[in-house]
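What follows is a set of notes on a single structure, which appears directly below.
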Amino acid sequence: MVSVWKSFSVNLFGLLRVGTSNGVARLALPSSHPILSIRVRGEGSSKSTWSQQQLRDNRGSFFHIWCSKYGSISSTDTYVNGGDGDYRGKRYLELTDQELMRQCQLDTFKSSGPGGQHRNKRESAVRLKHLPTGIIAQAAEDRSQHMNRESALARLRTLLALKVRNTVDLDAYSPPKELLQILPAKSTIRGSDCGPQIGPKNPKFILGMQALLDLIFAVGGSISEAAKFLGLSTGALSRLILSDDSLRMVVNELRISKGLKPLK
Amino acid sequence: MRVSFIIGYGVPKFSILLRPHGSCYLCRPMCSSSTSALTTSQKPRTSLFLRPPTHSATLSDLQKWQNWAKNLASSVGSTFVDLDNGPDSTLLRRELKWLVEDVTEDGSISAEQQRNIRLRVSLEELYKLWKQRIEERRPFQYIVGCEHWRDLVLCVEEGVLIPRPETEKLVDLVADVVSDNQGLREGLWADMGTGTGAIAIGIGMILRSYGRIIATDLSPLAVGVATFNVQRHGLQDVIEIRQGSWFEPLKDVEGKLAGIVSNPPYIPSDHISGLQAEVGRHEPKMALDGGVNGMNDLLHLCKGAASMLKPGGFLAFETNGEKQCKHLVEYMETNAGGIFCDVNLVPDFAGVHRFVTAFHK
C-alpha cells in the first residue's frame with residue numbers, strides 16, 4: 001500500500017459536534033453520475049438540534065438527517081446568518097460554493113513520497129466531508145484537481161438535498177417557490193409567475209427536490225397525499241419523481257421502509 | 001481612473017509601462033507566423049485534441065485496439081509502483097480513457113456509433129502511442145500533448161515541464177493576496193521559469209484587465225509552448241513571454257514588480273537518477289535539477305526578488321517540501337537584510353509544506 005487518504009482540514013472555525021458515528025451507508029448512483037463511490041454517513045446526537053433516523057429498508061443502509069425548525073442554534077454555527085433562530089437544512093444549499101467549502105474537510109489522495117516535481121501521477125481525486133452533517137462526496141474521474149473539487153462540491157449539494165430533511169408543518173403547508181418551480185405546468189397551485197418548469201439538469205432543481213422530499217417524508221411516503229398538497233394528480237407526481245434517478249431512489253427507499261410498493 | 005483610461009482607449013498597458021521606445025512584442029499580431037519569426041521560440045507540436053479528425057477506423061478495429069491497450073495496462077499490475085513508485089493499472093486505464101477522449105470526436109467509443117469512427121490520429125499511431133506509454137514510460141501528458149490543470153487545458157511537449165497539481169495552489173495564493181490589495185492587483189507580476197505558462201495563465205485569468213504579467217523561461221521550447229498557451233487563452237494583452245535566465249530579461253523592470261511567483265527546479269541533483277521513469281527519463285533536467293541541495297535557483301530567486309520587487313511587493317515560491325521551506329524562511333528572516341516580512345510556510349493539498357510566501361517591506 002503506497003497511497004493513503006490524507007486529511008487536510010480547511011475548516012477554520014469550531015466544528016459542530018454531532019455525537020458518535022453510527023455507520024456508513026453506500027448509495028448506489030445513477031448512471032448519469034460517473035462516480036467511483038459516494039458514502040453517506042449519518043451521525044446521531046443527544047444534545048444538539050440534530051438527530052438522525054435510520055430508515056429500515058430491506059438493506060438497512062439508509063440514514064437521514066433531520067433539521068428541526070424549533071431547536072436552538074449551536075454557538076459554533078457561525079456560517080448560518082439567517083438570524084431568526086431557524087436552522088434548516090435548506091440553508092446549506094443556499095450557501096455559495098466558498099461558504100459551503102468552508103464547512104468541509106478536504107481530503108486528497110496523497111501518495112507517499114515528496115510529490116511536486118518528483119511525481120507524475122494523476123492522483124487528483126478529491127474527497128469532501130461536510131462536517132456539520134458528516135456527508136461525504138468524492139470525485140476522481142476529472143483530469144485536474146481543481147475540476148475534481150468542483151465535481152465533488154456539486155455532488156455534495158445533491159447529497160445534501162437528498163439526505164438532509166427539514167420538518168414540515170402539514171397543517172399550514174404551502175409549497176416554497178423552489179418546489180413550485182420544478183412542478184409541471186398542470187399543477188393547479190403553480191402560478192404563471194413560476195416560469196417554465198425546471199428540470200433535473202438545471203442546478204436549481206436540487207432546491208426543489210429537497211423541498212419535495214421534505215413533503216413526501218412528512219406524509220410518510222404517500223404519493224397521493226403529497227400530490228394533493230401540490231395540486232397534481234398522483235400520476236403526474238410519480239412521473240416527476242421518476243424523472244430523476246437519485247430522487248426516485250430516495251423515495252423508493254422510504255416507501256419500502258413504510259411497507260409501500262416502490263414506484264416504477 | 002488609470003484602469004478605465006487604459007481600457008477605454010484599448011492601449012496595451014505594456015507598451016506604455018515597459019517598452020516606450022523599442023519594438024513591442026505584444027503589439028504584433030500573435031499568430032504562429034509571428035512567433036516563428038522570433039528566433040528564440042519554436043512552434044509547438046499540436047496536441048491531439050486540437051487536431052482535425054482526418055483519420056478514421058472501423059468500430060471493431062478501434063475496439064480491438066482498446067482491448068489490447070486495456071490488457072497491456074492491466075499486465076502492468078503494480079510493477080511500476082514497486083519499481084519507482086510509478087503508475088498502477090488503475091491509473092493507466094484511466095489514462096487510456098482520457099486518450100480516447102482526446103482522439104475521438106465524441107470523446108468515447110460505444111457500440112451505438114457508426115461503423116466508421118473519425119479519429120484525430122491514425123489507428124497505427126494509437127498502437128504506437130500506447131506502446132510508448134507502457135514500454136517507454138513516456139508521460140501520458142506528452143502522449144496527448146496536453147495537461148488539464150486548474151480549469152485550463154495547457155499544451156505541453158517534450159522539453160517542457162508538465163505542470164503539477166500541487167502548483168495549482170500557487171495561483172490561489174495570488175488570488176488571495178490580490179483580492180484585497182488593489183496595488184498588487186493592478187501591478188506588474190513575473191512568473192519566473194514559466195514552462196507551459198501555467199502559473200502565468202492562471203494568474204492572468206485573475207488579473208485580467210487589471211494587472212500585467214511577464215513570464216520568462218530560458219528554454220526556447222518552453223517559450224514557444226507558453227506563447228501558444230497564452231494565445232489560446234486569449235491573454236496576449238495580459239502576459240508577455242520573454243526568453244532568458246531568471247532576472248536577466250527583466251532588467252527594465254527592476255524595483256517595479258508587484259509580485260514574483262516561481263516553481264523553479266528544486267530537486268537535489270543526487271535524487272535525479274532515482275526519479276520515477278516518467279519524470280527522470282522524459283522531462284527536462286533543466287526544469288528539475290536544483291543543484292546539490294536543490295536550493296540553487298530558489299536562493300538565486302530570493303536574492304533577486306529583493307531588488308526586483310517594489311515596496312509592499314509579494315512573492316510566492318514552490319519548494320521540494322518542509323526542509324527547503326524552512327531553509328528559505330531562515331534565509332529570508334536572517335540573511336536578507338530585513339527586506340522581507342510576513343514570511344509564511346504554506347502546505348499543499350496533501351499537507352506537505354510546499355510554498356513560501358513573503359512581502360517586500
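Here, each number is a calculation from the coordinates, and none is a lab measurement. Remember, it's a predicted structure, so these values are computed and weren't measured experimentally. Here the Cβ is made from the backbone with ideal geometry for all residues, glycine too, and neighbour counts use every protein chain on show.
At-a-glance table
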{"quantity": "So B:P265, is it closer than 29 Å to B:I134 by Cα and either part of a loop (DSSP other than H, G, I, E, B) or away from chain A (no Cβ under 12 Å) (or both)", "calculated": "yes"}
{"quantity": "Condition met for B:S273 (in contact with an Asp or Glu (Cβ under 8 Å, 6 or more places away or on another chain) and assigned to a helix (DSSP H, G or I))", "calculated": "no"}
{"quantity": "Enumeration of residues in the range B:128-149 that are within 15 Å of A:R143 (Cβ to Cβ) and outside any helix (DSSP H, G or I)", "calculated": "B:P139, B:G145, B:C146, B:E147, B:H148, B:W149"}
{"quantity": "Answer from B:T334, B:T357 - the residue that is more than 14 Å from every other protein chain (Cβ to nearest Cβ), within 25 Å of A:Q105 (Cβ to Cβ) and of a type in the set (S, T, N, Q)", "calculated": "B:T357"}
{"quantity": "Selection status of B:E136, out of contact with any helix residue (DSSP H, G or I) (no Cβ under 7 Å at 6 or more places or on another chain), surrounded by fewer than 23 Cβ atoms within 10 Å (Cβ to Cβ), within 14 Å of chain A (Cβ to nearest Cβ) and closer than 30 Å to B:N71 by Cβ", "calculated": "yes"}
{"quantity": "Subset of the range B:50-88 (residues that are within 13 Å of chain A (Cβ to nearest Cβ) and crowded, with 18+ Cβ neighbours inside 10 Å)", "calculated": "B:F80, B:V81, B:N85, B:G86, B:P87, B:D88"}
{"quantity": "Subset of the range B:95-118 (residues that are buried (at least 22 other Cβ atoms within 10 Å of the Cβ) and touching a residue at least 60 places away in the same chain (Cβ under 8 Å))", "calculated": "B:I117"}
{"quantity": "Any hit, the range A:220-242, residues being touching a residue at least 60 places away in the same chain (Cβ under 8 Å), β-branched (V, I, T) and touching a helix residue (DSSP H, G or I) at 6+ places or on another chain (Cβ under 9 Å)", "calculated": "no"}
{"quantity": "Subset of the range B:165-210 [among the small types (G, A, S) and out of contact with any Asp or Glu (no Cβ under 7 Å at 6 or more places or on another chain)]", "calculated": "B:A175, B:S179, B:G183, B:G187, B:A190, B:G197, B:A198, B:G202, B:G204, B:S209"}
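Conditions tested, residue by residue: (1) within 22 Å of B:D342 (Cβ to Cβ); (2) assigned to a loop (DSSP other than H, G, I, E, B).
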residue	(1), (2)
B:L154	no, no
B:P163	no, yes
B:I206	yes, no
B:I214	no, no
